[in-house]
Amino acid sequence: MITDDGKRAFSELGLRTQAHTLDMVSQGARQVEIAHKLGISSETVKQHLQRGRAILGVPNTVALAAVVVQQGWVKVDHLN
């Protein structure tokens, strides 16, 4: 779940469009699952994650998920 702090941070970072993708990847969802649930293509999910990694300066998706959770921008409901 995206927190209020997350909404502000994603907006300020220019990641508002990517917020749901970042939330879902932080919950452990795979790219294909994210695409299906959001009604977007897998390529779009890939682009969202690449943009998030570039803006936050992290090398991979695991690090990206860690940053958004550690910053309190998403609340992890469960761990797979």
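Quick look at the values:
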read-out: Flag for residue 12 being at pLDDT 95 or above, charged (D, E, K, R) and either on the phi < 0 side of the Ramachandran plot or surrounded by fewer than 17 Cβ atoms within 10 Å (Cβ to Cβ) (or both); value: no
read-out: Positions within region 35-80 being part of a helix (DSSP H, G or I) and touching a strand residue (DSSP E or B) at 6+ places or on another chain (Cβ under 8 Å), in sequence order; value: 68
read-out: Check on residue 32, under 17 Å from residue 58 (Cβ atoms), among the β-branched types (Val, Ile, Thr) and not in a strand (DSSP E or B); value: no
read-out: Candidate set from region 6-23 (those that are part of a helix (DSSP H, G or I) and closer than 15 Å to residue 53 by Cβ); member that is nearest to the chain's Cα centre (by Cα); value: 22
read-out: Within region 31-73, tally of residues that are touching a residue at least 60 places away in the same chain (Cβ under 8 Å) and either surrounded by 13 or more Cβ atoms within 10 Å (Cβ to Cβ) or more than 19 Å from residue 14 (Cα to Cα) (or both); value: 3
read-out: Per-region count, region 27-59, residues within 12 Å of the chain's Cα centre (by Cα) and not aliphatic (A, V, I, L, M); value: 11
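The values are calculated or read from the model by the stated rules, or taken from the named source; none is laboratory data. Every value quoted in this text rests on a predicted model; they were computed, and no experiment measured them. We place every Cβ from the backbone using ideal geometry, glycine too, and count neighbours over all the protein chains shown.
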